[in-house]
1. When the Debye formula is applied to the Cα atoms of the stretch 57-109, each taken as the same point scatterer, what base-10 log of I(q)/I(0) results at q = 0.14, 0.15, 0.24, 0.26 Å⁻¹?
2. Among 20, 159, 117, determine the one that fluctuates most according to a GNM of the chain built with springs between C-alpha atoms less than 10 Å apart.
3. With the radius of gyration and the Kirkwood radius both derived from the Cα set of the stretch 32-83, what is their ratio Rg to Rh?
4. Tell me the label-point distance for the pair residue 45, residue 6, using the 7 Å Cα-to-Cβ offset, in nm and rounded to one decimal.
5. With label points built 7 Å along Cα→Cβ from the Cα atoms of residue 86 and residue 110, find their separation and express it in nm.
6. Would you mind checking the stretch 166-195 for residues with the amide N under 16 Å from a putative spin-label position 7 Å along Cα→C-beta of residue 23?
7. What is the distance, in nm, between label points placed 7 Å from the Cα along the Cα-to-Cβ direction at residue 64 and at residue 191?
8. Run the reach check for residue 182 against lysines, Cα to Cα strictly under 29 Å, same-chain hits fewer than 8 apart removed. What comes back?
Amino acid sequence: MKFDLHTLIIYLPELLQSLKNTLWITFSSLLIGIIFGFIACLIKMQNDSFYSKISSNVIDFFRTIPEMVLIFWVYSCLPLLFSIRISAELCGLISLSLISFAYLAEIFRAGILAVPKGEIQAANALAIPKLSIWRWIIVPPAIRRMMPAFINFFTELLKASSLLSAIGVAEMAYQASVLGAKTLAYLEFFTAIAILYFLIIYPLSLISKIAEKHLSIKTSQ
C-alpha cells in the first residue's frame, strides 16, 4: 500500500481546522474545570460539613463514570430531560467540563494538603489575614506540587476529546474518519492525527517529568 501524501496535503487545511476545534474544546473544558474544580475542592475541604459530603459524592460520581458513558448520556439524555436542543459540540464541552472539574478538584485538594501545616499554623499565630495566607503561603507551593498531575491530566483530557467523534463533534478523529471515507485514504489521515497528537502530548509529558523530578529533589532537601 502506497502512502498518498498528495491527498493528505490537499485536505490538510480541513485537518488543521479539526485540530483547532480539538484544542478549543479541550482548553475550554479545562478552564471551566479549573473554576468549578477549585470551588468543589474548597467545599470538600470543609471538615464533615453537609456541603462537604455533597461535594465529595459529586466528585466521586463523575470520576467513576466512564468518559464515553457520560458523553452519550449528556448527548442523548440531557436534551430529553430539559426539552431543549443542544449541539454536539456543546454536549462535548459539557461532558469534558464535568470530567475536568471532578479530577481537578482532587488534584487541587492534594496540592493544598501537601503544603506543610506548620507554615499555615505559624501564619495563623502571627495573625496574618486569611487571604494573604492563601495568596503567599498556600497557593504558590500547592501549584508547584500539583503541576505534574495537572499536566498529566491535561494530556489525558486532550486524548479523551477524541471520544467526541462518537457524537459527531468535528475534532481530529472525526475529521480523519470523514476524510478517510471520502478519499479512502484512512492510512494517511489517521497517521497524520496520530503524529499531531504526539507532537502536542510528548513535549507536555517531558515537561511533566521534569517538573516531577524537580519537585522530588526540592522536597527531599
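Derivation of every value follows stated rules applied to the coordinates shown; laboratory data play no part. Given the structure is predicted, the values throughout are model-derived calculations rather than measurements. Here the Cβ positions follow ideal geometry from the backbone for every residue, glycine too, while neighbour counts run over all protein chains shown.
1. Normalising to I(0) and taking log10 leaves -0.37, -0.42, -0.89, -0.98.
2. Of 20, 159, 117, the most mobile in the Gaussian network model is 117.
3. My calculation of the ratio gives 1.08.
4. With each label point 7 Å from Cα toward Cβ, the separation is 6.1 nm.
5. Spacing of the two 7 Å Cα→Cβ label points: 2.8 nm.
6. Counting backbone N atoms under 16 Å from the label point, the list is 171-173, 193-195.
7. Spacing of the two 7 Å Cα→Cβ label points: 4.4 nm.
8. 2, 20, 159
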